[in-house]
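Since every read-out is calculated from the coordinates, none of them should be taken as a lab result. Just so you know, these numbers come straight off a predicted model, no measurement behind them. Cβ coordinates were reconstructed from backbone atoms using ideal geometry, including for glycine residues, and neighbour counts include every protein chain displayed.
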């Protein structure tokens, strides 16, 4: 018996809200009905899950984007503003070459609240990958923490878990924690804020981009997934990170949305990618790749963004992906399994990349079933098409997935009462007084 995965969901039907609830799709019924109207047909389950993740607050910044746009992003020393995986700022020039730092920041708030160690650790892993994707060598991380009342045991446990998670990933990764700041207040009891930053160093000539270049479709560039085999860890993490905590929440299901960290594999990936970049420079093929981290939204997010960023779409053959388990295609497409990268590359060097990671650096010996999969190609017409075998699971304009939804919400300013708490570290634990 052959199971069909092309389940369709009609959100104009009377049970539209029930469909959203059943499949844990974190969009309003009005939003998905508007998307369905633009498609002119019912959605497949995979399409609905994709929209729910990619148009979440975590991925599209639909509430905060207008505030983020007010921040200064241009300047004499800004080589690359907030367009790709990390920003690039010039520090000095030497013999006509710009020497720069790459800087990225991301939040891992919700994961750190429910599983403090893993939540904070995977935040470090993700932001370091963002730095590496730009061609920079990671040299340090920082953390900016907003935590609850330290007199409560639960908050002490969260604070200790977060600090241990940051060090527990950064130390084996070999990237030191350079500093940061912290603040404790009752207002963060229900949801801590864990923002992590990473710094990298590079010359401007080292810079690689997070989008397919102008001739990528014409030259039929391949899309490769490199790293850990895909599992179901972190599935729905982006949607989870965009919601709020309620008293009747199923915390076990929320914990399942937190990814599983493997800093030793990432250390191996960092070294192997830096080695790859050096080899490509020497062979004159450095311009034949683009790279993105697989973070929120997994394969779906990385492949659609790396292609749509260049004005293209993609053809994805999902069953080609290396996985660890038996999962339905929408989970495979959107799982947020850590320690993975997406490369777009010219077909002339595809085999070179496969051999580099699987033979020269033997990824499969560092983590079981880790390796490289060629999952698709860049497509000229801007359509994002995902197949599993012969079944078409998604066939929508890439821009419809990436452009997001923008809200202008009401807000109020809350003045916080200043509190000072003495914090010391003893044997790796935080001690409050």
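A compact table of results
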{"quantity": "Choice from 357, 11, 188 with maximal GNM fluctuation in the chain (Cα, 10 Å cutoff)", "calculated": "188"}
{"quantity": "Extent along principal axes [Cα atoms of the stretch 8-60; Å; largest to smallest]", "calculated": "28, 22, 18"}
{"quantity": "Fluctuation leader among 114, 392, 331 - the chain, Gaussian network, Cα springs under 10 angstrom", "calculated": "392"}
{"quantity": "Two-decimal log10 I(q)/I(0) for the stretch 209-402, as the Debye equation yields it once each C-alpha is a single scatterer, q = 0.10, 0.14 Å⁻¹", "calculated": "-0.40, -0.78"}
{"quantity": "Kirkwood Rh and Cα Rg combined as Rg/Rh, the stretch 31-104", "calculated": "1.22"}
{"quantity": "Cα Rg, Dmax (largest Cα-Cα span) when computed across the stretch 288-433, Å", "calculated": "21.2, 63"}
{"quantity": "Normalised convex hull volume, the stretch 48-167, alpha-carbon set, Å³ per residue", "calculated": "146"}
{"quantity": "For 57, 204, order by how many other beta-carbon atoms lie within 10 Å, fewest first", "calculated": "204, 57"}
{"quantity": "Using a Förster distance of 56 Å, the FRET efficiency for residue 327-residue 92 (Cβ separation, nearest 0.05)", "calculated": "0.70"}
{"quantity": "Cα convex hull volume per residue for the stretch 273-339 (Å³)", "calculated": "114"}
{"quantity": "Fraction of the pair-distance distribution of the stretch 119-239 above 20 Å, Cα-Cα pairs, percent", "calculated": "57"}
{"quantity": "Per-peptide average of other Cβ atoms within 10 Å, ordering 31-44, 190-203, 295-308 highest first", "calculated": "295-308, 190-203, 31-44"}
{"quantity": "Spacing of the two label points (7 Å from each Cα toward its C-beta) at residue 215 and residue 415, in nm", "calculated": "6.2"}
{"quantity": "Ranked 8, 122, 46, criterion: other C-beta atoms within 10 Å, fewest first", "calculated": "8, 46, 122"}
{"quantity": "Mean projection area, nm², convex hull over Cα of the stretch 97-184", "calculated": "5.8"}
{"quantity": "Sorted largest first, extent of the chain alpha carbons per principal axis (Å)", "calculated": "67, 62, 44"}
